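Down below is the structure, laid out as structure tokens.
The values are calculated or read from the model by the stated rules, or taken from the named source; none is laboratory data. Everything numeric here is computed off the predicted structure, so don't read it as measured data. FYI the Cβ positions are ideal-geometry reconstructions off the backbone, even for glycines, and counts take in every protein chain you see.
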Amino acid sequence: MTESYVIIGDGIAGSSAAEALHEEAPDVDITVVTDEGETLYNRILIKEFAKGKLPEAPISIHEPDWYDERDIDLRLNTLVTGVDPEAHTIQTHEGEEISYDKLLVAAGGTPNQLPIENSDAEGVHHFWTFEDARRIREHAEAADTGVVVGAGLLGIDLAAICGGQDVDAKYLMRGNRWWRYALSEDGAEIIHEGLREKGVEPVFESGADSFEVDDDGEVVATIDGNGDRHESDFVGVAIGLDFNVEILQDTEATIDGGVHVDEFMRTELEDVYAAGDITQFFDTIMGQRAQNGSWGSAKQQGALAGKVMLADNGHDVDVEPFRWVSSYSITHFDFPFLSFGFPTMGDDDCERKYNDGEWRRLTFKDGKLIGGVLIGNLAPQSKYKQLIKKEAHVADQKDILLQDNFELDDLAIPQEQ
């Protein structure tokens, strides 16, 4: 009988797995199930679409023909309600059972909702899908005032959308700076000035306490944590993701903020794998579990999962453990911004401000470089990533690492590294 591979999710992780399966074993049966109503698109570009900078056309990655040409059975608008590992089946919201030999869960997440009054009001937006982007763009084009909540990498996209659509917006932050877990005040101030130049005003030590609505249930104002009122007929909220782990909640898979997988994307369930945002994977560089929502990481995990599923089913496919240094860039300002590795973790760090538009911070754990943030000059990123992959002990050479244009040969690295 033909082998059956089922993938839950058609994001970059699920789609990369499907592509790897087809390339390595074109005769196997591949089914992709997604609750979205459209095929794979570029989640990185949808923020530019929402800003009004791009039309829809360049954002789609796979048209329906892509799946047809590869004999991939694509099920759009289909919600998976359960997995039965013993029967090797999944159940959908329509009561259908789909059998599998190997199953990949790449279901991603759903934006968290603020636990405050009227957080579900009309005009309060969360930003994750292309459909979200369409609603946000339409509303932002008509809005005069706005508020953004969530001082992280997704929140700043919403702030930039307000700036791009000429919405007079306030960016409410609970702390004293943007992304305070990764940036010092010196680094964050460069971001703050960039926001102000876009017409978005940061409001520190605030956050959102409640939303006011009109008689039609539409948001009109935001009350912050200090009791101050901000006019806002547009609100963007980005306070993290609730990962769609409920698909496996009735199984014996380990779930702790994400689905536990090893360095080959295998869960503890026989013939069940996971990839992308949903995973708590074993990071072979850090030597511990980690979670990462970057596009590049999800793509690599998905491709690896596809190959491992085949290898575990007896196919002659080469696989190597997942070993990846992720990065995330922001392109909203006149200066570039890039974070890499794990900039919010570690037990040591160093930083340097080179001028008003250039800053750098590096983080270390047990003497090894594990991540950082670059603002203004991204040229050193490849060298830093090489050091992370080498697991090089370089925390005692911070002065060299922070040189404007350092070379790897300038570092004293023991030969065994």
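Would you be able to tell me the number of residues in the range 245-272 that are hydroxyl-bearing (Ser, Thr, Tyr) and surrounded by fewer than 23 Cβ atoms within 10 Å (Cβ to Cβ)?
Looking only at that region, the number is 2.
Looking only at the range 226-244, residues that are surrounded by 17 or more Cβ atoms within 10 Å (Cβ to Cβ) and modelled with pLDDT under 95 come to 3 in all. Applying the criterion of being modelled with pLDDT under 95 and not β-branched (Val, Ile, Thr) to the residues of the range 96-110, the residue that is surrounded by the most Cβ atoms within 10 Å (Cβ to Cβ) is Gly108. Answer yes if at least one residue in the range 290-306 is more than 20 Å from the chain's Cα centre (by Cα) and either at pLDDT 95 or above or in the same structural domain as Asp157 (by TED's automatic domain parsing) (or both), and no otherwise. Yes, that holds for at least one residue.
Residue count for the range 19-30 under the criterion of being within 24 Å of the chain's Cα centre (by Cα) and closer than 12 Å to Lys102 by Cα: the result is 1.
Have a look at Phe322, Phe340 and point out the one that is farther than 30 Å from Ala25 by Cβ and modelled with pLDDT of 95 or more. Give the steps one after another, and end with the answer.
On the way: Phe322 fails: farther than 30 Å from Ala25 by Cβ.
Exactly one of Phe322, Phe340 is farther than 30 Å from Ala25 by Cβ and modelled with pLDDT of 95 or more, namely Phe340.
Considering only the range 55-78, state which residues are part of a loop (DSSP other than H, G, I, E, B) and surrounded by 16 or more Cβ atoms within 10 Å (Cβ to Cβ).
Pass one, the range 55-78, residues part of a loop (DSSP other than H, G, I, E, B): 55-56, 61-63, 70-71, 76-78.
His62, Arg70, Thr78, listed by residue number.
Can you tell me which residue within the range 254-277, out of those that are of a type in the set (A, V, I, L, M) and touching a residue at least 40 places away in the same chain (Cβ under 8 Å), is nearest to Glu320 (Cα to Cα)? Looking at residues that are of a type in the set (A, V, I, L, M) and touching a residue at least 40 places away in the same chain (Cβ under 8 Å), I get Met265.
Taking residues in the range 177-189 that are surrounded by 15 or more Cβ atoms within 10 Å (Cβ to Cβ), and partners anywhere that are of a type in the set (Phe, Trp, Tyr) and assigned to a loop (DSSP other than H, G, I, E, B), the pairs with Cβ atoms closer than 8 Å and at least 6 places apart or on different chains are Arg177/Phe204; Ala188/Trp178; Ala188/Trp179. If the condition is being touching a Phe, Trp or Tyr at 6+ places or on another chain (Cβ under 7 Å) and in a loop (DSSP other than H, G, I, E, B), then the range 125-155 contributes Ala143, Ala151, Gly152, Leu153, Leu154. In contact with a helix residue (DSSP H, G or I) (Cβ under 9 Å, 6 or more places away or on another chain), buried (at least 16 other Cβ atoms within 10 Å of the Cβ), on the phi < 0 side of the Ramachandran plot and not acidic (Asp, Glu): is that true of Ala275 in this structure? The answer is yes for Ala275.
Based on this model, can you work out whether Asp27 counts as surrounded by fewer than 16 Cβ atoms within 10 Å (Cβ to Cβ), at pLDDT 95 or above and either of a type in the set (D, E, K, R) or in a helix (DSSP H, G or I) (or both)?
Details: surrounded by fewer than 16 Cβ atoms within 10 Å (Cβ to Cβ): yes; at pLDDT 95 or above: yes; either of a type in the set (D, E, K, R) or in a helix (DSSP H, G or I) (or both): yes.
Spelling it out, Asp27 is indeed surrounded by fewer than 16 Cβ atoms within 10 Å (Cβ to Cβ), at pLDDT 95 or above and either of a type in the set (D, E, K, R) or in a helix (DSSP H, G or I) (or both).
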